[in-house]
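Below is one structure, written out as structure tokens, with a few remarks after it.
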Amino acid sequence: MVEIRNVSKQYGSKNVVENVSLTIAKGKITSFIGPNGAGKSTLLSMISRLLSKDQGEILLEGKEIGQCKSNDLAKKISILKQTNHITVRLTIRELVSFGRFPYSQGNLDEEDWRYVDEAIRYLELEDIQHKYLDQLSGGQRQRAYIAMVVAQNTEYILLDEPLNNLDMKHSVQIMKVLRRLVDEMGKTVVIVIHDINFASCYSDYIVALKDGKVVKEGTTEDIISAQTLKDVYDMDIQIQNIDQNKICVYFA
Amino acid sequence: MKAKIGILTIVAIVLIAIFMSIDASGNWDYVLPRRLKKILAIVLTGAIIAFSTLVFQTITNNRILTPSIIGLDSLYMFIQTFVIFIFGSTHMTLMNKNVNFLISAGLMVLFAGLLYKWLFKREGQNIYFLLLIGLIFGTLFNSLSTFMQVLIDPNEFQVVQDKMFASFNNVNTDLLVISFVLVIAVAVYFWRYMKYLDVLALGRDQAINLGVPYDFVVKRFLIIIAILVSIATALVGPITFLGLLVVNLAHQVMKTYQHKYLIVGSVLISIVSLVGGLLIVERVFTFSTTLSVIVNFIGGVYFIYLLLKENKSW
């Protein structure tokens with residue numbers, strides 16, 4: 001369980017995240033939604049220690065993350081940012097093997113390679129595992145990065161806009177992988193996501209943020225309502241039930 | 001990979017052997033000790049420059065930078081000029097090269113440490129900001145040096161000028177012992193951080209994600225670089241393009257992300273190009289040009305090529 005208590009972050013004099021308190025449940029997909037500049041990514045970065053917080057506490061299983069050793073944290077929590085510009089030329093397999101660094105410190109043993117193989121299989125990358133990252137399409141590359149995180153085998157997986165720039169097919173593919181990670185392997189996934197329909201169809205919990213504050217949090221059922229979405233996005237959004245999924249219609 | 005390293009090692013050894021034995025005409029007692037000192041200095045400098053540039057490029061995630069950008073060798077020149085400006089060229093600290101060296105190296109490490117500490121106290125400052133500030137300081141030190149150089153006595157200026165250009169003909173062999181001791185100490189210290197280099201090449205966010213204590217490790221690497229650059233600069237003078245050249249060549253030759261191979265490869269390429277270059281200067285051009293001219297010429301051409309290539313890949 002991740003507990004966030006009264007966390008704030010300022011950039012200059014602007015409060016990007018203001019007094020946010022949240023609890024992230026184990027074994028579920030939690031989505032952070034909200035307009036641009038709501039502080040979703042900043043919050044995610046603070047949970048994953050990429051950014052320091054100005055105030056408040058973030059507890060991972062009861063322990064403040066600032067007090068934990070970096071290497072121990074890397075075995076419990078992993079983060080994938082939206083832009084991953086890597087200057088080194090790596091094959092998919094090499095990239096995925098980096099996911100074992102917290103355990104192997106660079107000297108991978110048989111067990112580590114087993115995790116690597118498994119992660120590659122999980123993301124269906126076996127056929128292209130020896131291709132270089134710069135030869136891949138956006139969807140394949142994103143899957144390669146997710147495979148690395150899978151190989152890292154952490155209980156908590158944080159993803160910042162994993163569907164960024166992907167087409168529908170690849171987006172669905174990635175969301176299904178995340179769903180499987182939760183349902184089959186018992187992981188806890190937290191994503192920042194812009195497409196509220198993906199959030200609605202795939203997540204268990206949704207946290208709606210706006211101007212650095214939590215507007216509302218709860219189960220998907222509770223959050224995907226015309227009133228809540230109006231509070232968050234200042235838009236009138238119709239909600240239709242299609243095959244037990246709540247679909248938000250906001251295009252017109 | 002091993003074959004490439006093997007070939008490079010053989011080329012390096014052959015070149016060193018040629019360098020040691022060419023035109024000796026029987027005067028071995030005279031020639032060997034002199035050449036041995038020179039070759040030791042060359043090998044040491046080559047290794048240092050290749051290594052420090054490689055590490056610097058990895059922690060900055062940028063393939064067209066060298067440690068000179070944060071003003072380390074400008075600072076070295078500034079310290080030398082300053083001592084001569086204040087005390088004159090006959091002063092103790094200049095006479096005793098070991099003392100001079102230790103003071104210069106100490107100040108350079110202090111400077112790198114302060115720069116880092118001051119910048120990373122506030123968050124959100126990325127490493128490019130550090131480089132920019134370093135660049136400005138470098139220019140400041142350069143201008144201050146030039147200012148003092150035009151004020152001092154022309155004879156004193158000769159002493160300064162001697163230190164301004166990289167030269168292997170008047171290698172500071174007095175410093176060899178202390179340099180070797182320091183380099184070995186640094187290597188031992190570096191050893192436990194070596195494993196982090198591959199991960200640092202993925203960038204800050206990935207490195208932190210994978211459990212690298214990022215700020216701590218990058219700071220250690222900057223200190224190591226500062227010590228090494230001060231050794232190289234004290235031994236032969238500023239010779240920056242060489243690092244750019246050999247590290248990029250090493251990337252192209254070795255074609256790997258693993259730093260254990262990249263380090264060995266770039267060090268060997270560096271030694272090969274320095275010894276080879278020196279042979280050309282001494283035997284082909286018969287000293288009518290200097291090695292730094294050749295290195296800077298080839299380095300400059302290669303730099304333009306790199307810029308054009310990077311430009312295209314965007």
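The numbers here are math on the coordinates, done by the rules we state, and not lab data. Note that the structure is predicted; figures quoted are calculated from it, not measured. Here the Cβ positions follow ideal geometry from the backbone for every residue, glycine too, while neighbour counts run over all protein chains shown.
Placing unit charges on the Cβ atoms only, positive for Lys and Arg and negative for Asp and Glu, gives chain A a dipole magnitude near 400 debye about its Cα centre.
By its C-alpha gyration tensor, with a ≥ b ≥ c as the square roots of the eigenvalues, how is segment A:43-99 shaped: rounded for a/c under 1.5, else prolate for a/b larger than b/c, else oblate? It comes out prolate by the Cα gyration axes.
Considering only B:Asn209, B:Asn142, B:Asn248, the Gaussian network model of chain B with Cα springs below 10 Å gives its largest mean-square fluctuation to B:Asn209. Taking a straight Cα-Cα cut-off under 23 Å and skipping sequence neighbours fewer than 8 places away in the same chain, the lysines within cross-link reach of A:Lys210 are A:Lys9, A:Lys14, A:Lys28, A:Lys40, A:Lys53, A:Lys81, A:Lys230, A:Lys246. Note: relative contact order over segment A:67-121, using C-alpha pairs below 8 Å and six or more positions apart, is 33 percent.
Loop-located GluC sites (Glu not before Pro) across segment A:112-158 with a Cβ neighbour count of 13 or fewer within 10 Å are A:Glu124, with loop assigned by DSSP. Averaging the sequence gap over all C-alpha pairs within less than 8 Å and six or more residues apart, then dividing by the number of residues, gives segment A:88-193 a relative contact order of 30 percent. Between B:Leu291, B:Leu54, B:Leu182, the residue with the greatest mean-square fluctuation in the GNM of chain B (Cα pairs under 10 Å linked by springs) is B:Leu182. Antiparallel beta bridges, as assigned by DSSP with both residues in segment A:141-252, represent about 70 percent of the total such bridges.
Which of B:Ile227, B:Ile294, B:Ile208 moves most in a GNM of chain B, Cα contacts under 10 Å? Between B:Ile227, B:Ile294, B:Ile208, it is B:Ile208 that shows the largest mean-square fluctuation. In a reduced charge model with +1 at each Lys and Arg Cβ and -1 at each Asp and Glu Cβ, segment A:9-145 shows a dipole moment near 500 debye about its Cα centre. Judged by the gyration tensor of its Cα atoms, with axes a ≥ b ≥ c, chain B is oblate; a/c meets the 1.5 cut and b/c is at least as large as a/b.
Restricting to bridges with both residues inside the protein assembly as shown, how much of the DSSP beta-bridge set is antiparallel, in percent to the nearest 5? The answer is about 60 percent antiparallel.
If only the Cβ of Lys and Arg carry +1 and only the Cβ of Asp and Glu carry -1, the dipole of segment A:198-252 around its Cα centre is close to 100 debye. Counting, for every residue in B:196-205, the Cβ atoms of other protein chains within 10 Å of its Cβ and taking the mean gives 5. Rg over Rh of segment B:1-89, using C-alpha atoms and the Kirkwood radius, what does it come to? With Rg and the Kirkwood Rh in hand, the quotient comes to 1.13. As a length-normalised measure over Cα pairs under 8 Å and 6 or more apart, the relative contact order of chain B settles at 34 percent. For the protein assembly as shown, adding -39500 (n - 2.57) for each run of n ≥ 4 DSSP H residues and dividing by the number of residues yields -18500 deg cm²/dmol at 222 nm. Shielding by partners for peptide B:208-220, expressed as the average number of C-beta atoms from other protein chains within 10 Å of each residue's C-beta, is 5.
Among the residues of A:182-194, the average count of other protein chain beta-carbon atoms within 10 Å of the residue beta-carbon is 0. For the protein assembly as shown, the square roots of the Cα gyration tensor eigenvalues, ordered a ≥ b ≥ c, give a/c of at least 1.5 with a/b greater than b/c, which places it in the prolate category.
The local environment of A:Asp183, defined by Cβ-Cβ distances under 12 Å, has a net charge of +3 under the rule Lys, Arg +1 and Asp, Glu -1.
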